[in-house]
Amino acid sequence: LPPVYSLDGLLVFGLLLVCTCAYLRKVPRLKAWLLSEKRGVWGVFYKAAVIGTRLHVAVSVSCILMAFYVLVVK
């Protein structure tokens, strides 16, 4: 993986965060424990999960494009 302080590393980190939170939102016990808070630091995970579930097509296309960029172009 590229370092987090570069732009591509930041994009990879953001995409992984959104995808992971959207996946964890489907697990009922983790949803109640991790994604119940809507404010503060834990609210970032909730908002990432909402973005991942509502924009799932755009997020998945972005993941495919970023994977192509990291594996082939870079």
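General remarks:
- Filtered by the rule that a residue be surrounded by fewer than 11 Cβ atoms within 10 Å (Cβ to Cβ) and modelled with pLDDT under 90, the stretch 58-74 gives VAL73, LYS74.
- Restricting attention to the stretch 1-45, the residues being among the charged types (D, E, K, R), loosely packed, with under 13 Cβ neighbours inside 10 Å, in a loop (DSSP other than H, G, I, E, B) and over 15 Å from the mean Cα position of the chain (by Cα) number 2.
- For the stretch 46-57, a tally of residues being under 12 Å from CYS19 (Cβ atoms), open to solvent by 50 Å² or more (accessible area, probe 1.4 Å) and either in contact (Cβ under 8 Å) with a residue 40 or more places away in the chain or in a helix (DSSP H, G or I) (or both) returns 2.
- In the stretch 19-43, residue farthest from LEU7 (Cα to Cα) [restricted to those that are among the hydrophobic types (A, V, I, L, M, F, W, C) and in contact with a helix residue (DSSP H, G or I) (Cβ under 8 Å, 6 or more places away or on another chain)]: LEU30
- Those residues of the stretch 9-29 which are more than 22 Å from LEU71 (Cβ to Cβ) and hydroxyl-bearing (Ser, Thr, Tyr), in sequence order: none
The values are calculated or read from the model by the stated rules, or taken from the named source; none is laboratory data. Nothing here was measured: the structure is a model prediction, and the numbers come from that model. Virtual Cβ from ideal backbone geometry, glycine too; neighbours counted across all protein chains shown. Note: areas computed on protein heavy atoms with side chains; ligands, DNA, RNA excluded. Shrake-Rupley method; radii C 1.70, N 1.55, O 1.52, S 1.80 Å.
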